[in-house]
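As structure tokens, the structure follows; a few thoughts come after it.
The values are calculated or read from the model by the stated rules, or taken from the named source; none is laboratory data. Bear in mind the structure is a predicted one, so any value in this text is a computation, not a measurement. Neighbour counts run over all protein chains shown; Cβ positions are idealised from the backbone, glycine included.
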Amino acid sequence: MQKSAAETIYRLKTEKNAIILAHNYQPPEIQDIADLCGDSLELSIQASKTEAEIIVFCGVQFMAESASILCPDKTVLLPNKSAGCPMADMITPQQLSARLEEHPDMPVVTYVNSSAAVKAMSTICCTSANSIKVVNSLSSGEILMVPDRNLARYTAAKTDKTIHPWDGYCPYHDRLTTEEVSQRRQEYPDALFMAHPECRREVLDMADAVASTSGMLKYAKTSDAQTFIVGTEIGLLYPLQKASPEKRFVAASENMVCTDMKKIGLDDVATSLEQMTGEVKVPENIREPAMRAVQKMIEL
């Protein structure tokens with residue numbers, strides 16, 4: 001079944017002028033059939049520069065929305081519409097609106113791991129790689145940062161600005177403990193520890209490198225070290241190993257498995273392309289202000 005699904009995907013994407021995007025946390029078989037793999041926003045930016053008429057986004061809801069924001073002239077398909085993001089769901093437009101009524105003049109920096117509707121209410125967006133640069137680009141001394149409290153605290157430690165964090169978090173990154181990292185370091189004393197900014201502050205303090213998924217791929221490739229403890233969702237181990245086959249990569253914790261990121265299978269991709277199911281389309285009244293917030297970040 002797997003082989004026939006892959007063959008169907010290759011045939012249909014050629015016939016329909018489609019491009020397949022896969023986030024770095026997707027299962028190996030999904031990454032293998034993708035045209036582009038990477039971080040969520042960089043995938044949408046790259047897709048916007050192609051001639052493809054259809055984007056099949058193997059990721060989660062907010063990623064497909066980002067593709068729709070940046071590529072309004074393309075059809076965006078999410079092969080499994082139930083693939084969401086717990087952290088993105090921790091803030092709603094209504095909740096943000098209530099907070100802004102209390103602090104109407106405070107700029108809002110919104111992590112791209114958020115809904116299009118929340119992005120539309122934001123001053124500017126950020127990624128895990130550029131949050132410090134984004135915050136420092138604003139003239140205000142006080143900033144509301146949503147929805148990830150861990151990324152906000154990491155950013156606050158690197159800037160003179162006063163950052164008010166929203167109390168959201170990634171359940172999988174937030175559960176990584178210092179004890180688990182210490183245990184891995186005992187097992188692999190020569191290893192370097194890479195951690196994602198969505199991890200807790202005390203975990204980040206132990207890291208040799210704090211980086212996004214793409215940042216980890218670059219860091220591991222250019223480092224002289226041979227072994228790495230990887231403090232992010234375990235899906236990244238696959239592209240890390242492919243990019244640096246001579247090196248060793250160990251999960252900081254086997255519990256860092258995002259169930260939503262594992263929902264899409266080859267059959268889902270084949271069905272989505274065949275039947276054009278799972279379309280994600282951001283309405284223009286939301287897309288335009290969301291695009292302004294994203295564009296401000298891109299232009300920095």
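A few notes on this one:
- A residue that is touching a Pro at 6+ places or on another chain (Cβ under 8 Å) and under 22 Å from SER137 (Cα atoms) can be found somewhere in region 95-111.
- Residues (among the small types (Gly, Ala, Ser) and surrounded by 24 or more Cβ atoms within 10 Å (Cβ to Cβ)) located in region 147-167: ALA152
- Against the numbered list (1) more than 22 Å from the chain's Cα centre (by Cα); (2) under 30 Å from PHE228 (Cβ atoms), SER140 comes up short only at (2).
- Pair list, Cβ < 6 Å and 6+ apart or interchain, from region 237-253 residues that are in contact (Cβ under 8 Å) with a residue 40 or more places away in the chain to residues that are of a type in the set (Gly, Ala, Ser): ALA252/GLY231
- When restricted to residues that are under 16 Å from the mean Cα position of the chain (by Cα) and either closer than 22 Å to LYS262 by Cα or in the same structural domain as GLY235 (by TED's automatic domain parsing) (or both), region 69-96 contains 9.
- Subset tally (residues that are among the small types (Gly, Ala, Ser) and over 21 Å from the mean Cα position of the chain (by Cα)) for region 212-257: 3
- Members of region 189-200 that are crowded, with 16+ Cβ neighbours inside 10 Å and either farther than 25 Å from VAL112 by Cα or of a type outside the set (Asp, Glu) (or both): ALA191, LEU192, PHE193, MET194, ALA195, HIS196, PRO197, CYS199, ARG200
- Index of the failed condition, GLU198 passing every other in (1) outside any helix (DSSP H, G or I); (2) farther than 30 Å from VAL76 by Cα: (2)
- Residue check, PHE62 over 14 Å from ALA290 (Cβ atoms) and of a type in the set (Phe, Trp, Tyr): no
For every residue, the table says whether it meets (1) touching a residue at least 60 places away in the same chain (Cβ under 8 Å); (2) of a type in the set (S, T, N, Q); (3) closer than 28 Å to ASP260 by Cα.
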| position | (1), (2), (3) |
| --- | --- |
| ARG149 | no, no, yes |
| LYS158 | no, no, no |
| ILE163 | no, no, no |
| LEU176 | yes, no, yes |
| GLU180 | yes, no, yes |
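- For the residues VAL109, VAL118, the requirement of being surrounded by 14 or more Cβ atoms within 10 Å (Cβ to Cβ), part of a helix (DSSP H, G or I) and either in contact with a helix residue (DSSP H, G or I) (Cβ under 8 Å, 6 or more places away or on another chain) or β-branched (Val, Ile, Thr) (or both) singles out VAL118.
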